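To start, the structure itself, in C-alpha coordinates.
The values are calculated or read from the model by the stated rules, or taken from the named source; none is laboratory data. Please read these numbers as outputs of a predicted model, since none were measured by experiment. Backbone-built Cβ (ideal geometry, glycine too); neighbour counts: all protein chains shown.
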Amino acid sequence: MRSDSTLRVRFPSGQGYPVAFRPLGELAMVMREAGLRPGRVLIVSDRNVAELYGLTVDRVLQDDGWEPRLLALPPGETTKTPEHLQAIYSAALEWGIDRKTPIVALGGGVIGDLAGFAAATLLRGVPLVHVPTTLLAQVDSSIGGKTGINHPTGKNLVGAFYQPTLVLSDIRTLATLPEREWGSGAAEVVKHALIGDQRLFELLVESWPLFSTRDVATVQEVLQRACQVKIDIVGRDEREHGPRAFLNFGHTFGHALEQATEFKVLTHGEAVAIGMRAALYLSRRFNPKLDYMRTDQLVLRIPVPTIPADIALGEVIQAMRNDKKAESGRLRFVLIKRVGSPYVTDKIAAADVEAAWRHVLVS
(Lines give C-alpha, C1' and ligand atoms only; values in the text may rest on other atoms or scores of the structure.)
Protein backbone atom coordinates (compact mmCIF):
# COMPACT_ATOMS: atom_id res chain seq x y z
CA MET A 1 0.00 0.00 0.00
CA ARG A 2 1.22 3.51 -0.81
CA SER A 3 2.06 5.95 1.97
CA ASP A 4 -0.11 8.61 0.30
CA SER A 5 -3.22 6.49 -0.13
CA THR A 6 -6.67 7.49 1.08
CA LEU A 7 -9.24 5.23 2.68
CA ARG A 8 -12.83 6.31 3.23
CA VAL A 9 -15.39 5.85 5.96
CA ARG A 10 -18.78 5.26 4.35
CA PHE A 11 -22.15 5.16 6.10
CA PRO A 12 -25.40 3.66 4.74
CA SER A 13 -26.78 7.20 4.46
CA GLY A 14 -24.14 7.94 1.83
CA GLN A 15 -22.26 10.27 4.14
CA GLY A 16 -18.62 9.68 5.01
CA TYR A 17 -15.16 11.19 5.11
CA PRO A 18 -11.62 10.50 3.95
CA VAL A 19 -8.85 9.00 6.05
CA ALA A 20 -5.84 10.32 4.16
CA PHE A 21 -2.31 9.05 4.65
CA ARG A 22 -0.57 12.22 3.55
CA PRO A 23 2.26 14.49 4.77
CA LEU A 24 1.47 17.32 7.19
CA GLY A 25 2.53 19.70 4.44
CA GLU A 26 -0.56 18.69 2.44
CA LEU A 27 -3.05 19.42 5.22
CA ALA A 28 -4.40 22.60 3.62
CA MET A 29 -4.81 20.79 0.29
CA VAL A 30 -6.70 17.91 1.89
CA MET A 31 -8.92 20.36 3.77
CA ARG A 32 -9.80 22.06 0.48
CA GLU A 33 -10.50 18.67 -1.10
CA ALA A 34 -12.94 18.02 1.78
CA GLY A 35 -14.79 21.27 1.07
CA LEU A 36 -13.29 23.51 3.75
CA ARG A 37 -12.35 27.05 2.72
CA PRO A 38 -9.79 29.39 4.32
CA GLY A 39 -10.82 31.50 7.29
CA ARG A 40 -10.20 31.21 10.98
CA VAL A 41 -9.09 27.79 12.24
CA LEU A 42 -8.46 26.75 15.84
CA ILE A 43 -5.67 24.21 16.30
CA VAL A 44 -5.96 22.29 19.58
CA SER A 45 -2.91 20.34 20.65
CA ASP A 46 -0.91 19.43 23.72
CA ARG A 47 2.33 21.14 24.63
CA ASN A 48 4.56 18.24 23.61
CA VAL A 49 2.99 17.81 20.17
CA ALA A 50 2.70 21.57 19.63
CA GLU A 51 6.45 21.90 20.17
CA LEU A 52 7.10 19.25 17.51
CA TYR A 53 4.47 20.04 14.87
CA GLY A 54 2.53 23.16 15.86
CA LEU A 55 4.68 25.55 13.84
CA THR A 56 4.55 23.31 10.75
CA VAL A 57 0.76 23.07 10.78
CA ASP A 58 0.44 26.79 11.50
CA ARG A 59 2.69 27.68 8.55
CA VAL A 60 0.99 25.25 6.15
CA LEU A 61 -2.41 26.74 6.94
CA GLN A 62 -1.21 30.35 6.81
CA ASP A 63 0.39 29.77 3.42
CA ASP A 64 -3.01 28.68 2.09
CA GLY A 65 -4.80 31.75 3.42
CA TRP A 66 -6.06 30.44 6.76
CA GLU A 67 -5.89 32.45 9.98
CA PRO A 68 -4.78 29.83 12.53
CA ARG A 69 -4.72 30.10 16.30
CA LEU A 70 -2.98 27.43 18.39
CA LEU A 71 -4.18 26.33 21.83
CA ALA A 72 -1.69 24.03 23.57
CA LEU A 73 -3.00 22.09 26.59
CA PRO A 74 -1.16 19.95 29.14
CA PRO A 75 -0.40 16.41 27.88
CA GLY A 76 -1.90 13.26 29.35
CA GLU A 77 -5.20 11.55 30.15
CA THR A 78 -5.86 13.92 33.06
CA THR A 79 -6.46 16.69 30.50
CA LYS A 80 -9.80 15.14 29.51
CA THR A 81 -11.71 17.22 32.04
CA PRO A 82 -14.49 19.84 32.03
CA GLU A 83 -11.89 22.47 32.93
CA HIS A 84 -9.83 21.89 29.79
CA LEU A 85 -12.96 21.57 27.68
CA GLN A 86 -13.97 24.99 29.01
CA ALA A 87 -10.55 26.32 28.01
CA ILE A 88 -11.26 25.32 24.40
CA TYR A 89 -14.73 26.89 24.55
CA SER A 90 -13.28 30.13 25.88
CA ALA A 91 -10.48 30.30 23.32
CA ALA A 92 -12.94 29.68 20.48
CA LEU A 93 -15.81 31.90 21.57
CA GLU A 94 -13.72 34.82 22.77
CA TRP A 95 -11.92 34.76 19.41
CA GLY A 96 -15.25 34.93 17.62
CA ILE A 97 -15.51 31.69 15.66
CA ASP A 98 -18.52 30.89 13.50
CA ARG A 99 -20.07 27.61 12.38
CA LYS A 100 -17.62 27.31 9.49
CA THR A 101 -14.54 27.62 11.70
CA PRO A 102 -12.82 24.22 11.84
CA ILE A 103 -11.16 22.78 14.90
CA VAL A 104 -7.99 20.87 14.06
CA ALA A 105 -7.19 18.21 16.67
CA LEU A 106 -3.41 17.87 16.44
CA GLY A 107 -2.14 15.11 18.71
CA GLY A 108 -3.04 11.78 20.22
CA GLY A 109 -6.25 10.24 21.47
CA VAL A 110 -6.68 12.59 24.41
CA ILE A 111 -6.60 15.68 22.22
CA GLY A 112 -8.80 14.00 19.62
CA ASP A 113 -11.45 13.10 22.19
CA LEU A 114 -11.36 16.49 23.91
CA ALA A 115 -11.18 18.71 20.82
CA GLY A 116 -13.74 16.49 19.10
CA PHE A 117 -16.22 16.99 21.94
CA ALA A 118 -15.60 20.73 21.78
CA ALA A 119 -16.26 20.71 18.01
CA ALA A 120 -19.46 18.71 18.54
CA THR A 121 -20.85 21.19 21.05
CA LEU A 122 -19.50 24.60 20.03
CA LEU A 123 -22.27 26.48 18.23
CA ARG A 124 -24.00 23.07 18.06
CA GLY A 125 -21.29 21.75 15.77
CA VAL A 126 -18.30 23.09 13.83
CA PRO A 127 -16.08 21.19 11.35
CA LEU A 128 -13.59 18.79 12.95
CA VAL A 129 -10.28 17.82 11.37
CA HIS A 130 -8.27 15.06 13.01
CA VAL A 131 -4.49 15.17 12.56
CA PRO A 132 -3.43 12.23 14.76
CA THR A 133 0.25 12.03 15.66
CA THR A 134 0.34 8.80 17.66
CA LEU A 135 -0.02 5.22 16.51
CA LEU A 136 -3.05 4.71 18.74
CA ALA A 137 -4.80 7.79 17.40
CA GLN A 138 -3.98 7.04 13.75
CA VAL A 139 -5.22 3.48 13.90
CA ASP A 140 -8.15 3.89 16.24
CA SER A 141 -9.35 6.97 18.09
CA SER A 142 -9.35 9.42 15.17
CA ILE A 143 -11.72 7.18 13.17
CA GLY A 144 -15.34 6.71 14.07
CA GLY A 145 -16.56 9.89 15.72
CA LYS A 146 -16.29 9.07 19.41
CA THR A 147 -15.53 12.18 21.45
CA GLY A 148 -15.64 12.90 25.15
CA ILE A 149 -14.10 13.59 28.51
CA ASN A 150 -13.65 11.56 31.67
CA HIS A 151 -15.69 11.72 34.86
CA PRO A 152 -14.57 10.66 38.35
CA THR A 153 -16.97 7.72 38.03
CA GLY A 154 -15.33 6.37 34.87
CA LYS A 155 -13.61 6.98 31.55
CA ASN A 156 -15.31 8.71 28.59
CA LEU A 157 -18.68 8.88 30.34
CA VAL A 158 -19.46 12.38 29.02
CA GLY A 159 -19.30 12.80 25.28
CA ALA A 160 -20.94 12.59 21.89
CA PHE A 161 -20.73 10.79 18.57
CA TYR A 162 -19.47 13.41 16.13
CA GLN A 163 -17.84 12.48 12.85
CA PRO A 164 -14.90 14.49 11.56
CA THR A 165 -14.79 16.17 8.18
CA LEU A 166 -11.52 14.40 7.49
CA VAL A 167 -8.61 12.57 9.06
CA LEU A 168 -5.04 13.20 7.93
CA SER A 169 -2.39 10.76 9.20
CA ASP A 170 1.27 11.41 8.48
CA ILE A 171 3.10 8.23 9.47
CA ARG A 172 6.34 10.19 9.71
CA THR A 173 5.06 11.70 12.96
CA LEU A 174 5.31 8.22 14.47
CA ALA A 175 9.11 8.39 14.32
CA THR A 176 9.12 10.79 17.30
CA LEU A 177 6.95 8.60 19.53
CA PRO A 178 8.53 7.34 22.76
CA GLU A 179 8.70 3.56 22.93
CA ARG A 180 5.97 3.38 25.53
CA GLU A 181 3.56 5.36 23.35
CA TRP A 182 4.43 3.16 20.38
CA GLY A 183 3.62 0.06 22.42
CA SER A 184 0.35 1.58 23.52
CA GLY A 185 -0.70 2.05 19.91
CA ALA A 186 0.52 -1.40 18.96
CA ALA A 187 -2.05 -2.83 21.36
CA GLU A 188 -4.87 -1.33 19.29
CA VAL A 189 -3.27 -2.64 16.10
CA VAL A 190 -3.21 -6.15 17.59
CA LYS A 191 -6.81 -5.71 18.73
CA HIS A 192 -7.93 -4.91 15.20
CA ALA A 193 -6.13 -7.98 13.89
CA LEU A 194 -7.73 -10.27 16.47
CA ILE A 195 -11.28 -9.07 15.87
CA GLY A 196 -11.19 -8.43 12.16
CA ASP A 197 -8.32 -9.52 9.94
CA GLN A 198 -6.63 -12.92 9.82
CA ARG A 199 -4.12 -11.62 7.27
CA LEU A 200 -3.16 -8.72 9.53
CA PHE A 201 -2.74 -11.18 12.40
CA GLU A 202 -0.38 -13.33 10.31
CA LEU A 203 1.49 -10.24 9.12
CA LEU A 204 2.07 -9.13 12.71
CA VAL A 205 3.20 -12.59 13.78
CA GLU A 206 5.63 -12.79 10.85
CA SER A 207 6.85 -9.19 10.83
CA TRP A 208 6.74 -8.06 14.46
CA PRO A 209 10.49 -7.24 14.62
CA LEU A 210 10.15 -4.99 11.55
CA PHE A 211 6.93 -3.44 12.85
CA SER A 212 8.28 -2.81 16.34
CA THR A 213 11.41 -1.15 14.95
CA ARG A 214 9.17 1.04 12.76
CA ASP A 215 10.25 -0.19 9.36
CA VAL A 216 8.41 2.25 7.10
CA ALA A 217 7.04 -0.23 4.57
CA THR A 218 5.84 -2.61 7.28
CA VAL A 219 4.25 0.17 9.30
CA GLN A 220 2.43 1.46 6.22
CA GLU A 221 0.90 -1.91 5.45
CA VAL A 222 0.05 -2.73 9.05
CA LEU A 223 -1.43 0.68 9.77
CA GLN A 224 -3.63 0.80 6.72
CA ARG A 225 -4.91 -2.75 7.19
CA ALA A 226 -5.69 -2.01 10.84
CA CYS A 227 -7.45 1.23 9.90
CA GLN A 228 -9.53 -0.66 7.35
CA VAL A 229 -10.81 -2.96 10.11
CA LYS A 230 -12.00 0.06 12.09
CA ILE A 231 -13.45 1.74 9.01
CA ASP A 232 -15.43 -1.36 8.00
CA ILE A 233 -16.94 -1.76 11.48
CA VAL A 234 -17.75 1.93 11.96
CA GLY A 235 -19.33 2.13 8.52
CA ARG A 236 -21.76 -0.63 9.49
CA ASP A 237 -22.55 0.74 12.95
CA GLU A 238 -21.99 4.45 13.50
CA ARG A 239 -23.34 4.67 17.06
CA GLU A 240 -22.46 1.33 18.59
CA HIS A 241 -25.83 -0.41 18.39
CA GLY A 242 -24.29 -3.61 17.02
CA PRO A 243 -20.93 -4.76 15.65
CA ARG A 244 -19.10 -1.60 16.73
CA ALA A 245 -19.06 -3.10 20.22
CA PHE A 246 -16.46 -5.56 18.91
CA LEU A 247 -13.95 -2.71 19.05
CA ASN A 248 -14.19 -2.96 22.84
CA PHE A 249 -12.22 -6.23 22.82
CA GLY A 250 -9.93 -5.97 25.85
CA HIS A 251 -11.57 -2.76 27.02
CA THR A 252 -13.85 -4.13 29.74
CA PHE A 253 -10.85 -5.04 31.87
CA GLY A 254 -8.71 -2.32 30.30
CA HIS A 255 -10.87 0.69 31.15
CA ALA A 256 -11.46 -0.71 34.62
CA LEU A 257 -7.71 -1.02 35.21
CA GLU A 258 -7.16 2.54 34.08
CA GLN A 259 -9.86 3.72 36.46
CA ALA A 260 -8.63 1.60 39.38
CA THR A 261 -5.08 2.95 38.95
CA GLU A 262 -6.33 6.54 38.57
CA PHE A 263 -4.81 6.77 35.07
CA LYS A 264 -1.36 7.04 36.66
CA VAL A 265 0.16 3.58 36.09
CA LEU A 266 -0.90 2.32 32.67
CA THR A 267 -1.34 3.95 29.29
CA HIS A 268 -4.61 3.19 27.54
CA GLY A 269 -2.94 0.70 25.21
CA GLU A 270 -1.13 -1.06 28.05
CA ALA A 271 -4.42 -1.47 29.90
CA VAL A 272 -6.07 -2.79 26.73
CA ALA A 273 -3.20 -5.26 26.23
CA ILE A 274 -3.78 -6.65 29.73
CA GLY A 275 -7.51 -6.66 29.06
CA MET A 276 -7.01 -8.58 25.81
CA ARG A 277 -5.08 -11.28 27.63
CA ALA A 278 -7.99 -11.60 30.07
CA ALA A 279 -10.45 -11.66 27.16
CA LEU A 280 -8.40 -14.34 25.36
CA TYR A 281 -8.34 -16.41 28.54
CA LEU A 282 -12.15 -16.21 28.70
CA SER A 283 -12.40 -16.83 24.96
CA ARG A 284 -10.49 -20.09 25.33
CA ARG A 285 -12.73 -21.07 28.23
CA PHE A 286 -15.80 -20.96 25.96
CA ASN A 287 -14.19 -21.62 22.56
CA PRO A 288 -11.72 -24.52 22.83
CA LYS A 289 -10.84 -24.32 19.11
CA LEU A 290 -9.33 -20.85 19.49
CA ASP A 291 -5.64 -20.73 18.58
CA TYR A 292 -4.93 -19.51 22.07
CA MET A 293 -1.17 -19.91 22.16
CA ARG A 294 -0.47 -17.84 19.05
CA THR A 295 -2.97 -15.12 19.90
CA ASP A 296 -1.78 -14.81 23.49
CA GLN A 297 1.87 -14.82 22.41
CA LEU A 298 1.21 -11.93 20.04
CA VAL A 299 -0.39 -9.85 22.79
CA LEU A 300 2.53 -10.69 25.08
CA ARG A 301 4.85 -8.92 22.65
CA ILE A 302 3.41 -5.63 23.88
CA PRO A 303 5.43 -4.51 26.92
CA VAL A 304 3.33 -3.52 29.93
CA PRO A 305 4.21 -2.49 33.49
CA THR A 306 3.49 -4.76 36.43
CA ILE A 307 -0.02 -4.34 37.78
CA PRO A 308 0.22 -2.84 41.29
CA ALA A 309 -0.23 -5.53 43.93
CA ASP A 310 -2.69 -3.39 45.90
CA ILE A 311 -5.24 -3.31 43.07
CA ALA A 312 -7.95 -5.74 44.18
CA LEU A 313 -10.37 -7.59 41.93
CA GLY A 314 -13.27 -5.92 43.71
CA GLU A 315 -12.04 -2.49 42.67
CA VAL A 316 -11.68 -3.60 39.07
CA ILE A 317 -15.16 -5.18 38.96
CA GLN A 318 -16.74 -2.06 40.47
CA ALA A 319 -15.03 0.02 37.80
CA MET A 320 -16.39 -2.38 35.18
CA ARG A 321 -19.91 -1.92 36.50
CA ASN A 322 -19.53 1.86 36.26
CA ASP A 323 -18.33 1.61 32.66
CA LYS A 324 -20.72 2.71 29.92
CA LYS A 325 -20.43 -0.75 28.31
CA ALA A 326 -22.23 -2.41 31.25
CA GLU A 327 -25.97 -2.97 30.84
CA SER A 328 -28.35 -3.16 33.82
CA GLY A 329 -25.37 -3.90 36.03
CA ARG A 330 -24.30 -6.90 33.95
CA LEU A 331 -20.74 -7.00 32.70
CA ARG A 332 -20.37 -7.35 28.94
CA PHE A 333 -17.28 -8.89 27.39
CA VAL A 334 -16.13 -9.06 23.80
CA LEU A 335 -14.66 -12.51 23.15
CA ILE A 336 -13.47 -14.23 19.98
CA LYS A 337 -14.30 -17.67 18.64
CA ARG A 338 -11.24 -17.44 16.42
CA VAL A 339 -9.21 -14.64 14.86
CA GLY A 340 -11.65 -12.40 13.00
CA SER A 341 -14.78 -13.81 14.66
CA PRO A 342 -15.74 -11.69 17.71
CA TYR A 343 -18.95 -11.73 19.72
CA VAL A 344 -20.40 -9.99 22.78
CA THR A 345 -21.64 -11.83 25.86
CA ASP A 346 -22.88 -10.94 29.32
CA LYS A 347 -22.98 -14.57 30.44
CA ILE A 348 -19.62 -14.73 32.18
CA ALA A 349 -19.72 -16.06 35.74
CA ALA A 350 -17.98 -14.16 38.52
CA ALA A 351 -15.67 -17.13 39.04
CA ASP A 352 -14.51 -16.93 35.43
CA VAL A 353 -13.84 -13.20 35.72
CA GLU A 354 -11.79 -13.85 38.84
CA ALA A 355 -9.87 -16.65 37.11
CA ALA A 356 -9.06 -14.34 34.17
CA TRP A 357 -7.87 -11.65 36.59
CA ARG A 358 -5.60 -14.07 38.41
CA HIS A 359 -4.26 -15.28 35.06
CA VAL A 360 -3.10 -11.83 33.97
CA LEU A 361 -1.63 -11.14 37.40
CA VAL A 362 0.62 -14.15 37.44
CA SER A 363 1.52 -14.69 33.78
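Under 14 Å from PHE333 (Cα atoms) and more than 22 Å from the chain's Cα centre (by Cα), is that true of ARG244?
Considered against the rule, which asks whether it is under 14 Å from PHE333 (Cα atoms) and more than 22 Å from the chain's Cα centre (by Cα), ARG244 comes out as no.
Looking only at the range 263-296, which residues are in contact with a helix residue (DSSP H, G or I) (Cβ under 9 Å, 6 or more places away or on another chain) and without any contact (Cβ under 8 Å) to a residue 12 or more places away in the chain?
LYS264, ARG284
Being out of contact with any Leu (no Cβ under 7 Å at 6 or more places or on another chain) and of a type outside the set (A, V, I, L, M) is the filter; apply it to the range 276-286 and report the residue that is modelled with the lowest pLDDT.
The selected residue is ARG285.
Only one of ALA87, ALA119, ALA92, ALA137 is among the small types (Gly, Ala, Ser), without any contact (Cβ under 8 Å) to a residue 60 or more places away in the chain and over 26 Å from GLU26 (Cβ atoms); which? Break it down into steps so the answer makes sense when it comes.
Details: ALA119 fails: over 26 Å from GLU26 (Cβ atoms); ALA92 fails: over 26 Å from GLU26 (Cβ atoms); ALA137 fails: over 26 Å from GLU26 (Cβ atoms).
From the options ALA87, ALA119, ALA92, ALA137, the qualifying one is ALA87.
May I ask you to verify whether LEU290 is assigned to a strand (DSSP E or B) and modelled with pLDDT of 90 or more?
It is false that LEU290 is assigned to a strand (DSSP E or B) and modelled with pLDDT of 90 or more.
How many residues, within the range 241-265, are farther than 20 Å from VAL110 by Cα and not basic (Lys, Arg)?
5
Among the residues of the range 3-16, count how many are buried (at least 21 other Cβ atoms within 10 Å of the Cβ) and closer than 17 Å to ASP170 by Cα. Show your work before the answer.
First, pick out the residues of the range 3-16 that are buried (at least 21 other Cβ atoms within 10 Å of the Cβ): 9.
After this cut, where a residue has to be closer than 17 Å to ASP170 by Cα as well, the list is none.
The number of residues fulfilling the criteria is 0.
Would you point out which residue out of VAL234, VAL205 is of a type in the set (Val, Ile, Thr), buried (at least 22 other Cβ atoms within 10 Å of the Cβ) and assigned to a helix (DSSP H, G or I)?
Result: VAL234 is the single residue among VAL234, VAL205 that is of a type in the set (Val, Ile, Thr), buried (at least 22 other Cβ atoms within 10 Å of the Cβ) and assigned to a helix (DSSP H, G or I).
Taking THR78 as meeting all but one of (1) in a helix (DSSP H, G or I); (2) modelled with pLDDT of 95 or more; (3) within 30 Å of THR261 (Cα to Cα), write down the number of the exception.
Going through (1) in a helix (DSSP H, G or I); (2) modelled with pLDDT of 95 or more; (3) within 30 Å of THR261 (Cα to Cα) one by one, THR78 breaks only (2).
Condition check ((1) of a type in the set (Phe, Trp, Tyr); (2) under 28 Å from ARG236 (Cα atoms); (3) touching a Gly at 6+ places or on another chain (Cβ under 8 Å)) across all residues:
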{"position": "GLY275", "(1), (2), (3)": "no, yes, yes"}
{"position": "PHE286", "(1), (2), (3)": "yes, yes, no"}
{"position": "GLN297", "(1), (2), (3)": "no, no, no"}
{"position": "LEU300", "(1), (2), (3)": "no, no, no"}
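Given (1) closer than 22 Å to GLN138 by Cβ; (2) under 25 Å from the mean Cα position of the chain (by Cα), where does TYR89 come up short, assuming only one miss?
Of (1) closer than 22 Å to GLN138 by Cβ; (2) under 25 Å from the mean Cα position of the chain (by Cα), only one is false for TYR89: (1).
Of all residues in the range 303-323, which are touching a helix residue (DSSP H, G or I) at 6+ places or on another chain (Cβ under 8 Å) and at pLDDT below 80?
ASN322, ASP323
Looking for whichever is crowded, with 19+ Cβ neighbours inside 10 Å and either without any contact (Cβ under 8 Å) to a residue 12 or more places away in the chain or assigned by TED's automatic domain parsing to the domain that holds GLY116 (or both) here; the options are GLY242, GLY250, GLY148, GLY185. Which one fits?
One residue alone meets the criteria, GLY148.
Given the conditions (1) surrounded by fewer than 22 Cβ atoms within 10 Å (Cβ to Cβ); (2) in contact with a helix residue (DSSP H, G or I) (Cβ under 8 Å, 6 or more places away or on another chain), and given that GLU179 satisfies all but one, which numbered condition is not satisfied?
For GLU179, the exception is condition (2).
Each row is one residue, and each column tells you yes or no for (1) at pLDDT 95 or above; (2) assigned by TED's automatic domain parsing to the domain that holds LEU36; (3) within 13 Å of the chain's Cα centre (by Cα); (4) among the charged types (D, E, K, R).
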| position | (1), (2), (3), (4) |
| --- | --- |
| ALA119 | yes, yes, no, no |
| ARG124 | yes, yes, no, yes |
| PRO132 | yes, yes, yes, no |
| GLY154 | no, yes, no, no |
| PRO164 | yes, yes, no, no |
| LEU168 | yes, yes, no, no |
| GLU206 | yes, no, no, yes |
| VAL216 | no, no, no, no |
| GLN228 | yes, no, no, no |
